[in-house]
Amino acid sequence: MKAAAIFAAFILCFSFVGMGQKKRPAARKAAAKPAPQYAIKVKLVDEVALKKVMVPSGKPLLVNFWATWCDPCREEFPDLVKIDQQYKGKIDFITVSLDEVENISTTVPKFLTAMKSEMPPYLLKATDESTFIASIAKDWQGGMPFTALYSATGELVYYREGKVILDTLHSELNKVIPAASAEK
Amino acid sequence: MKILLSSLTAVIALAAVFASVSILSQPTPAFASGGLEIGATAENFSLPDVDGKTQTLNSLKGKNGTLVVWLSAQCPVVKGYKDRINEIAAEYQAKGINFVGINSNSTEDLNWVKSNIAEFGYKFPVLIDKGNVLADKWGATVTPEVYYFNAKNVLLYHGAIDNDRSGRNVTEGYLKAAFTESLGGKAVSKAKANAFGCSIKRVGE
């Protein structure tokens, strides 16, 4: 009787091991392809935190609102990366993604990595999107991309709903950068 | 005490001045602005539908009003809203509010718009705003963006459909609330709301 019980326990034990093994191939497959890790870490912010980030700290501040689902946002991004390189040290430049939070470690950093973006990246999860949009610019309905330029003293001096027009943006940047360091 | 009160009044007055200066000193936008304000009456317009037939606001409006919605074939946000748009249209067209879609995107040709209407299952006319003339006149800049008029073409609500693009966490159905209040004989309590979406691709951009 005792031997039968040990045998039954042995069989039961193996059947559990067998059940576990059925799941193994999938687990092994998942382990073989871990989610890519990106050096770029996107910071999740609500509108209160973002408004604090959007206070210039001694330099003009350029802010670009974008999303991976927004075609013109992706199209203009290489130009924005060039702007960042060109005006490095003269302005601060941040990007704010309006993607879903679940994309904060996947498609958003993937795109920024591909773009070789060095602008500090944020992802906004607003509790009241409508009020936030209206607080940025009175005529902004929420269309993207949207780019805003603040002077060093925090005054909103230029904004653009839609892709930036580079000549205009350069001109506006040079207006707020001290003459000694402005782009020629 | 009197000095304290007068100082406090002065501070409040100064803060009010600064606040108004801050609003007034906003730069001129680099896109079409102004447009139709809440309470304004829309002028009748004529635009072709996707079959080339000329349609007008007055010929399309419902007995209880009209909902004009700016659409796009390529905008993922519009795609995310298509089921909600169709559900709201079915519910409120039955209550006398007619729906009219407008496409002002210069990047979307007629065939694309036609196939998109079929794919998304819109059961209301979609008009082509070539050269974004109506979008400029009304100040429409984003898709989806709605304008709700009463039967006299007075603008009662303008802006977003609701407060969640994904549709998973809608807590404020701005448009439906406006419909409900208006059909119930009440003033629309929230006449304007914004939401992130796709900018309208205007001619020359």
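The values are calculated or read from the model by the stated rules, or taken from the named source; none is laboratory data. As the structure is a computational prediction, the values presented were derived from the model and not from experiment. So basically every Cβ, Gly included, is an ideal-geometry build from the backbone, and we count neighbours across all protein chains shown.
Worth pointing out:
- Selection status of A:LEU173, under 12 Å from A:LEU62 (Cβ atoms), assigned to a helix (DSSP H, G or I) and either more than 11 Å from chain B (Cβ to nearest Cβ) or not aromatic (Phe, Trp, Tyr) (or both): yes
- Members of region B:155-189 that are assigned to a loop (DSSP other than H, G, I, E, B) and either within 8 Å of chain A (Cβ to nearest Cβ) or in contact with a strand residue (DSSP E or B) (Cβ under 8 Å, 6 or more places away or on another chain) (or both): B:ALA160, B:ILE161, B:ASN163, B:ARG165, B:SER166, B:GLU172, B:VAL188
- Selection within region B:147-169 - crowded, with 20+ Cβ neighbours inside 10 Å, at negative phi and not aromatic (Phe, Trp, Tyr): B:LEU155, B:HIS158, B:ALA160, B:ILE161, B:ASP162, B:ARG165
- Residues within region B:190-205 that are surrounded by fewer than 16 Cβ atoms within 10 Å (Cβ to Cβ) and at the interface with chain A (Cβ under 7 Å from one of its Cβ atoms), tallied: 1
- Exactly one residue among A:ALA152, A:ALA180 is more than 10 Å from chain B (Cβ to nearest Cβ), modelled with pLDDT under 95 and not in a strand (DSSP E or B), and that residue is A:ALA180.
- Filtered by the rule that a residue be over 17 Å from the mean Cα position of the chain (by Cα) and either part of a helix (DSSP H, G or I) or under 14 Å from B:GLU37 (Cα atoms) (or both), region B:115-154 gives B:SER115, B:ASN116, B:ILE117, B:ALA118, B:GLU119, B:PHE120, B:LYS130, B:GLY131.
- Annotation note: of B:VAL142, B:VAL126, B:VAL203, the sole residue that is modelled with pLDDT under 95, in contact with a Gly (Cβ under 7 Å, 6 or more places away or on another chain) and within 23 Å of B:PHE45 (Cα to Cα) is B:VAL203.
- Restricting region B:36-91 to residues that are polar (S, T, N, Q) and in a loop (DSSP other than H, G, I, E, B) leaves a set whose member that is surrounded by the most Cβ atoms within 10 Å (Cβ to Cβ) is B:SER72.
- Each residue in region A:129-138 was checked for being facing another protein chain (nearest Cβ under 7 Å) and either in contact (Cβ under 8 Å) with a residue 12 or more places away in the chain or in a helix (DSSP H, G or I) (or both), and 5 of them qualify.
- Residues of region A:142-160 satisfying the condition of being under 22 Å from the mean Cα position of the chain (by Cα) and in contact (Cβ under 8 Å) with a residue 24 or more places away in the chain: A:MET144, A:PRO145, A:PHE146, A:THR147, A:ALA148, A:LEU149, A:TYR150
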